[in-house]
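For reference, the structure discussed in these notes is given below.
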Amino acid sequence: MRTDEIRPKNNSTIAVEKLRDLIFSGALPAGSNHLETELAKRLGMSRTPVREAALTLEAQGLVAVQARKGVKILPISVRDMEEIYDVLTALESMAARQAAEQAYGYEDLAALAQTITDMEAALGENDRDHWAVADDNFHTELVRLGGNRRVMSTVAMMADQVRRAKAVTLYLRPLPSQSNEDHRAVLEAIAKGDPARAEEVHRMHRLEAKDTLIALLTQSRLQML
């Protein structure tokens, strides 16, 4: 097989994606318990890939695998989100600084710039779902540009919990126009080779995002402790 060929997804990977979608959509609500046989039937798969998928999602903080009780969908915890955002703020701000130190050219930053264009287009169409996807892409690309593989893996490990919390609050928050402006300011600082500004703008952006998310989770009582 050529190295440039895309390998087909195995059943475990497919199961992870399907279960994640069911959790994010609320079809598998927080606090609910599900036997592996039930989930396997729902996904049209055998129990083995479902079990493997459940263990993967457990490592990502979305479910708990319980002996003889099956899979429990974990609630969104305000405390967990506070801790996660504290870590993300530190790591992503460092990544913004490191990216600005790389003397990247226009082509190097094209993917980051495209995510901002996508976010602005989504807001213009009042399409918050596509905005959220583009926003995730911005943060992923920013961390990649920082070049620290351990930061990438740590941030990726927390990504699903953040996406889930954002998904349930997406239509409760004000239109995220300021978020787009912050992202563009970070891009400009990186392009100009200004590490201090890139780091500080992103740090303030993440702190504000944390405050908004925690307030929404608390006020709407979406979290379950």
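The values are calculated or read from the model by the stated rules, or taken from the named source; none is laboratory data. All values derive from a computational prediction rather than experimental measurement. Note: ideal-geometry Cβ built from the backbone for every residue, glycine included; neighbour counts use all protein chains shown. For the accessible areas, the whole protein counts, side chains as well, though only heavy atoms, and no ligand, DNA or RNA atoms are used. Shrake-Rupley method; radii C 1.70, N 1.55, O 1.52, S 1.80 Å.
The condition of being at pLDDT 95 or above and out of contact with any His (no Cβ under 9 Å at 6 or more places or on another chain) holds for only one of Ala134, Ala67, Ala95, Ala121, that being Ala134.
Which one of these is surrounded by 15 or more Cβ atoms within 10 Å (Cβ to Cβ), in contact with a Leu (Cβ under 9 Å, 6 or more places away or on another chain) and either touching a residue at least 40 places away in the same chain (Cβ under 8 Å) or in a helix (DSSP H, G or I) (or both): Ala30, Ala64? Walk me through it before giving the result.
Values: Ala64 fails: either touching a residue at least 40 places away in the same chain (Cβ under 8 Å) or in a helix (DSSP H, G or I) (or both).
From the options Ala30, Ala64, the qualifying one is Ala30.
The residue that is modelled with the lowest pLDDT, among those in segment 140-179 that are polar (S, T, N, Q) and farther than 27 Å from Lys18 by Cα, is Ser177. Counting the residues of segment 201-216 that are charged (D, E, K, R) and either open to solvent by less than 40 Å² (accessible area, probe 1.4 Å) or in contact (Cβ under 8 Å) with a residue 60 or more places away in the chain (or both) gives 3.
The residues of segment 37-50 that are part of a helix (DSSP H, G or I) and surrounded by fewer than 17 Cβ atoms within 10 Å (Cβ to Cβ), listed by number, are Thr37, Glu38, Lys41, Arg42, Arg47, Thr48. Met119 meets all of the listed conditions (1) open to solvent by 50 Å² or more (accessible area, probe 1.4 Å); (2) touching an Asp or Glu at 6+ places or on another chain (Cβ under 7 Å); (3) farther than 14 Å from His202 by Cβ but one, namely (1).
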